[in-house]
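The values are calculated or read from the model by the stated rules, or taken from the named source; none is laboratory data. Keep in mind that what you see is a predicted model, and the values were worked out from it rather than measured. With ideal geometry, Cβ positions are generated from the backbone for all residues, glycine too; neighbour counts draw on all protein chains shown. Just so you know, the surface numbers come from the protein's heavy atoms only, side chains and all, with ligands and any DNA or RNA stripped out. Shrake-Rupley method; radii C 1.70, N 1.55, O 1.52, S 1.80 Å.
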Amino acid sequence: LGSTCSSNTDCTSGFCTDGVCCDSACGQTCYACNLPAAPGHCAALTTGVDTKAATTCTAPSACFLPSTSSVPACKLVDGSTCQESGDCISGHCLTYYVDSDGDGYGTSEQAHFCEELNAAPPRGYAAYSGDCCDLDSGANPGFDSTQFLTMPDACGSFDWNCNGVVAQEKSCSTAVACGQDCTFTFWGSPITLF
């Protein structure tokens, strides 16, 4: 066992696997016979890819040996899209939101990635949703809601903090609080200017 071989007839065991004489056919996913610690013995691949098994384990997946088992598995590496936490080596399939403007707030469009908890979101995504104008990094739920601005965001809205309330600074000939409508009395009737 462990001697180099090119066919099954080269081995007393009758199994030439991974280029060495092996104690079994060792064709299952994430097992190999040419591991440095135990050449010739079918053993679990704890990391890396397995391109030689009947069902291969290749990128974006890798072999993984859970701490609670001696049976390896082929799971998705961090940064890979996933469907559920059991798909991932990290054990976490997290939801992220498309963030085109890079302000840390995404739209309602979701994607799921394998990631460690508290890891930085993948490029182009945010951990939080709620962005009402993903074309303008200044317009997002983190915007200071006490400010009133004279110009709209890149989407044409004055709702800079995405709370559904327009916060537009208005010019009035009389003293009113910033952001309030200008109301005048004209010939006995109140007129509101917007």
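Going by what's in this entry, would residue 126 be described as of a type in the set (A, V, I, L, M) and either open to solvent by less than 50 Å² (accessible area, probe 1.4 Å) or at pLDDT 95 or above (or both)? Show your work before the answer.
Numbers: of a type in the set (A, V, I, L, M): yes; either open to solvent by less than 50 Å² (accessible area, probe 1.4 Å) or at pLDDT 95 or above (or both): yes.
Here the answer is yes, as residue 126 does meet what is asked.
If only one of 100, 108, 90 is out of contact with any Ser or Thr (no Cβ under 7 Å at 6 or more places or on another chain), open to solvent by 50 Å² or more (accessible area, probe 1.4 Å) and in a loop (DSSP other than H, G, I, E, B), which one is it? That would be 100, the only listed residue that is out of contact with any Ser or Thr (no Cβ under 7 Å at 6 or more places or on another chain), open to solvent by 50 Å² or more (accessible area, probe 1.4 Å) and in a loop (DSSP other than H, G, I, E, B). The single condition among (1) open to solvent by less than 50 Å² (accessible area, probe 1.4 Å); (2) of a type in the set (Gly, Ala, Ser); (3) closer than 22 Å to residue 19 by Cα that residue 79 does not satisfy is (3). Residues in the range 7-23 that are open to solvent by 50 Å² or more (accessible area, probe 1.4 Å) and over 23 Å from residue 57 (Cα atoms): 8, 9, 10, 12.
Residues in the range 67-80 that are more than 22 Å from the chain's Cα centre (by Cα) and not hydrophobic (A, V, I, L, M, F, W, C): 67, 68, 69, 70, 72. Exactly one residue out of 133, 172 is at pLDDT 90 or above and either polar (S, T, N, Q) or surrounded by 14 or more Cβ atoms within 10 Å (Cβ to Cβ) (or both): that is 133. Note on the range 51-72: residues that are touching a residue at least 24 places away in the same chain (Cβ under 8 Å) and either open to solvent by less than 30 Å² (accessible area, probe 1.4 Å) or in contact with a Leu (Cβ under 7 Å, 6 or more places away or on another chain) (or both) amount to 5. Whether any residue in the range 60-78 is under 30 Å from residue 136 (Cα atoms) and of a type outside the set (Ser, Thr, Tyr) is what I want to check. Checked the range 60-78: at least one residue is under 30 Å from residue 136 (Cα atoms) and of a type outside the set (Ser, Thr, Tyr).
Determine, yes or no, whether residue 26 is surrounded by 15 or more Cβ atoms within 10 Å (Cβ to Cβ), at positive phi and of a type outside the set (D, E, K, R). Yes; evaluated as a whole, the condition is true for this residue.
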